[in-house]
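The values are calculated or read from the model by the stated rules, or taken from the named source; none is laboratory data. Just so it is clear, the model here is predicted, and its values are computed rather than measured. Using ideal geometry, Cβ is built from the backbone for each residue, glycine included, and neighbour counts are taken over all protein chains shown.
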Amino acid sequence: MLSNYTVKYTKIDSGYMGQLIEWPEVVTEGKDIDECRAMVRDAISEMILAYQQQGKEIPLGGCLIEQVPIEVDNVCQTA
């Protein structure tokens, strides 16, 4: 069975941090985005194995992330 998970990549001093949106306990780092992506895949596999061994339910993937553009200069305070 193929599942898709959503990864949030954040630039950090040592490279990139990757964290699953649907499974926030899955967090890892890499020196560049490609290494971080590989580390995320490995971390997901390890977490799936650990959850299966413990009889825990594996979180479903498929989260939808959307960026919403806002013109910050045009935001006004209300009373």
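Here are the numbers:
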item	result
Of all residues making up the range 43-68, the number that are of a type in the set (A, V, I, L, M, F, W, C), modelled with pLDDT under 85 and over 14 Å from Ser3 (Cα atoms)	1
Filtered residues of the range 31-48 (kept if farther than 17 Å from Asp13 by Cα and out of contact with any strand residue (DSSP E or B) (no Cβ under 8 Å at 6 or more places or on another chain))	Arg41, Ser45, Glu46, Met47, Ile48
Boolean, Gly61 is touching a strand residue (DSSP E or B) at 6+ places or on another chain (Cβ under 9 Å), surrounded by 11 or more Cβ atoms within 10 Å (Cβ to Cβ), assigned to a loop (DSSP other than H, G, I, E, B) and small (Gly, Ala, Ser)	yes
Residue within the range 36-50 that is assigned to a loop (DSSP other than H, G, I, E, B) and either touching a residue at least 40 places away in the same chain (Cβ under 8 Å) or basic (Lys, Arg) (or both) present	no
Residue among Glu22, Glu71 that is within 11 Å of the chain's Cα centre (by Cα) and either under 17 Å from Met1 (Cα atoms) or of a type in the set (D, E, K, R) (or both)	Glu22
Hits in the range 1-30 (condition: at pLDDT 95 or above, in contact with a strand residue (DSSP E or B) (Cβ under 8 Å, 6 or more places away or on another chain), part of a loop (DSSP other than H, G, I, E, B) and of a type outside the set (A, V, I, L, M))	Ser14
Failed condition for Asp73, given (1) loosely packed, with under 10 Cβ neighbours inside 10 Å; (2) in a helix (DSSP H, G or I); (3) modelled with pLDDT of 90 or more	(3)
Residue identified as surrounded by 11 or more Cβ atoms within 10 Å (Cβ to Cβ), among the β-branched types (Val, Ile, Thr) and at negative phi among Thr78, Thr28	Thr28
